[in-house]
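Down below is the structure, laid out as structure tokens.
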Amino acid sequence: MKIPHYQIDAFTSKVFSGNPAAVCPLEHWLEDHQMQSIAAENNLSETAFFVKKDDHYELRWFTPKVEVDLCGHATLASAFVIFNYIDQSAQSVSFKTKSDMLQVYREGTLLSMDFPARKAVPCDIPEQLISALGKSPDEVLLARDYLVIYDSEKVIRSLKPDMNLLMNLDALGIIVTSVGGHSDFVSRFFAPGVGVPEDPVTGSAHCTLIPYWSEKLGKKKLHAFQVSLRGGELLCEDLGKRVKISGNAVRYSEGYLYL
């Protein structure tokens, strides 16, 4: 079996930064264990698979360990592949996913994604979370992921979490965030329990970050940086029950898988 395979760096305009995602366009679905094995072999934070269905695409995402319900950077990467290799005349593309119908559209040089908002709410704070992060936060909330708020970008950049402790928490991931020095806010994202110790740039985390910072800062349009080692830039907008997440993407490689 010969499967097209692209590696796209998302939320950046240059290779070796942003978040790399593998993208595999399929004519029909593989067995789940095959897709999980491909994702494990790729060993990237996400591998995306999609199949054309009528006027949209069905889209699924796998980390090296599990299938996830929502992924931003691999959705952006999938749209980049469709716009550049499959349907170059398209101005937008719709994806049916486990979470929702998602749309990505061209907006000048950017690709913009229409995603569901996931507002975080107050929660009990696990002692293990604070121990793992090593610094006491100003606030902890919970959506799909823990949202942990600190008082400065310097603190966010300095965190060195204990991944063994984070693995046992009852959430998919941990978002740490603060006001940014040169942006509205910054963040990092850790999900060792699903095989992603630190994700370079996390679109799905911004489904929670955008509503939080929109309310805190009193503005709908926000400029964000994820301050991982690779780093990534996101332009965001709070749309109420939805959020808009925009960014660039660039091809790193293309080829085939042989199964």
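Every read-out reported here was derived from the displayed coordinates using simple, explicitly stated rules and does not represent laboratory data. Computed from a predicted structure; not experimentally measured. Neighbour counts are summed over all protein chains in view; Cβ atoms, including those assigned to glycine, are modelled from backbone coordinates with ideal geometry.
Tell me the net charge near residue 9. Cut-off is 11 Å between Cβ atoms, residue 9 excluded, with +1 for each Lys or Arg and -1 for each Asp or Glu.
Here the count lands on +3.
Order the peptides 171-183, 198-210, 126-138 from the highest to the lowest mean number of other Cβ atoms within 10 Å of their residues.
Result, highest mean first: 198-210, 171-183, 126-138.
Taking 0.36 nm per residue of separation and subtracting the Cα-Cα distance, what length does fully extending residue 56 through residue 121 add?
20.1 nm
Applying the Karplus parametrisation 6.51 cos²θ - 1.76 cosθ + 1.60 with θ = phi - 60° to the phi angles of the stretch 244-249, what ³J(HN,Hα) value in whole Hz is obtained for each residue in order, glycine and proline being reported as x?
Karplus-based 3J(HN,Hα) across the stretch 244-249 equals 10, 10, 10, x, 9, 8 Hz.
Name the lysines eligible as straight-distance cross-link partners of residue 241: C-alpha to C-alpha under 22 Å, and not fewer than 8 places from it in the same chain.
Partners found: 96, 98, 119, 216, 219, 220, 221.
Convert each backbone phi in the stretch 76-90 into a coupling constant with the Karplus relation 6.51 cos²θ - 1.76 cosθ + 1.60 (shift: θ = phi - 60°), then list the ³J(HN,Hα) values in order as whole Hz, x for Gly and Pro.
4, 5, 5, 5, 4, 5, 5, 5, 9, 10, 10, 9, 5, 8, 5
Less than 13 Å from a label point 7 Å out along the Cα-to-Cβ axis of residue 65: which backbone N atoms in the stretch 183-202 qualify, by residue?
The answer is 190-199.
Could you give me the ³J(HN,Hα) list for the stretch 164-171, computed from phi with Karplus coefficients 6.51, -1.76, 1.60 and θ = phi - 60°, whole Hz, x at Gly and Pro?
Running phi through 6.51 cos²θ - 1.76 cosθ + 1.60 with θ = phi - 60° gives 5, 6, 5, 4, 9, 7, 8, 8 Hz.
Suppose each label sits 7 Å from its Cα in the direction of the beta carbon; what would the residue 257-residue 98 distance come out to in nanometres?
1.6 nm
What shape does the chain take by its C-alpha gyration tensor, where a ≥ b ≥ c are the square roots of the eigenvalues and a/c under 1.5 counts as rounded, a/b above b/c as prolate, and the rest as oblate?
Cα axes put the chain in the prolate bin.
Quick check: net charge around residue 240, other residues with Cβ under 13 Å of its Cβ, Lys/Arg +1 and Asp/Glu -1?
+2
Working out 0.36 nm times the residue gap between residue 221 and residue 86, then minus their Cα-Cα distance, what length gain in nm do you get to one decimal?
45.5 nm
So if I average 1/r over every pair of distinct C-alpha atoms in the stretch 1-98 and take the inverse, what Kirkwood radius in Å does that give?
13.5 Å
Let me know the charge dipole size of the stretch 121-238 about its Cα centre in debye, to the nearest 20, where only the beta-carbon of Lys, Arg (+1) and Asp, Glu (-1) is charged.
Dipole size: approximately 340 debye.
For the stretch 142-259, what class follows from the C-alpha gyration tensor (a ≥ b ≥ c being the square roots of its eigenvalues): rounded when a/c is under 1.5, otherwise prolate if a/b is larger than b/c, else oblate?
Cα axes put the stretch 142-259 in the oblate bin.
Can you give me the long-range amide H partners of residue 107? Hydrogens built in the peptide plane at 1.01 Å from N, cutoff under 5 Å, separation of 5 or more residues or another chain.
Those lying under 5 Å, H to H, from residue 107 are 112.
If I stretch the segment between residue 109 and residue 34 completely, what's the gain in nm (0.36 nm per residue apart, minus their alpha carbon distance), one decimal?
Additional length available on full extension: 23.5 nm.
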